[in-house]
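*Asks:* Encoded as structure tokens, here's the structure I'll be asking about.
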Amino acid sequence: MKKHGAFWMHLYPLLLFAIIVLSLLFLVMTGTGLYSAVVDSQTRNREARAALSYLAARVHAADAAGAVSVGEGP
């Protein structure tokens, strides 16, 4: 009976270590996915801001009375 208890005494730290390693691996993989999503979102935001900045600069460059108007599409 003592040998069976000794087996679990030696196996318990190994199982605990495996659980901790698997938890850390899961957290790293989740963090990597979240970081990638944030970077993609920032890239899209930067591209949209660049396009809007370009349009704003063109409107400011043509700033004169009657130079810019809103009308029907093509």
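*Asks:* Using a 1.4 Å probe over the heavy atoms of the protein chains, calculate the carbon and sulfur portion of the accessible area of the chain as a whole percent.
*Replies:* Its accessible area is 70 percent carbon and sulfur atoms.
*Asks:* As a check on your grasp of the helix formula, calculate [θ] at 222 nm for the chain: sum -39500 (n - 2.57) over DSSP H runs of n ≥ 4, divide by the residue count, round to the nearest 500.
*Replies:* -30500 deg cm²/dmol
*Asks:* What does the accessible area per residue of the chain come to in Å², with a 1.4 Å probe and no ligands, DNA or RNA counted?
*Replies:* Each residue of the chain exposes 97 Å² on average to a 1.4 Å probe.
*Asks:* With mean projected area of the Cα convex hull in nm² in mind, check (1) 5.6; (2) 9.3; (3) 4.9 and report the label derived from this structure.
*Replies:* It is the value labelled (2).
The values are calculated or read from the model by the stated rules, or taken from the named source; none is laboratory data. Everything numeric in this text was worked out from a predicted model, so none of it was measured. Side chains included, ligands, DNA and RNA excluded: accessible areas come from the protein's heavy atoms. Shrake-Rupley method; radii C 1.70, N 1.55, O 1.52, S 1.80 Å.
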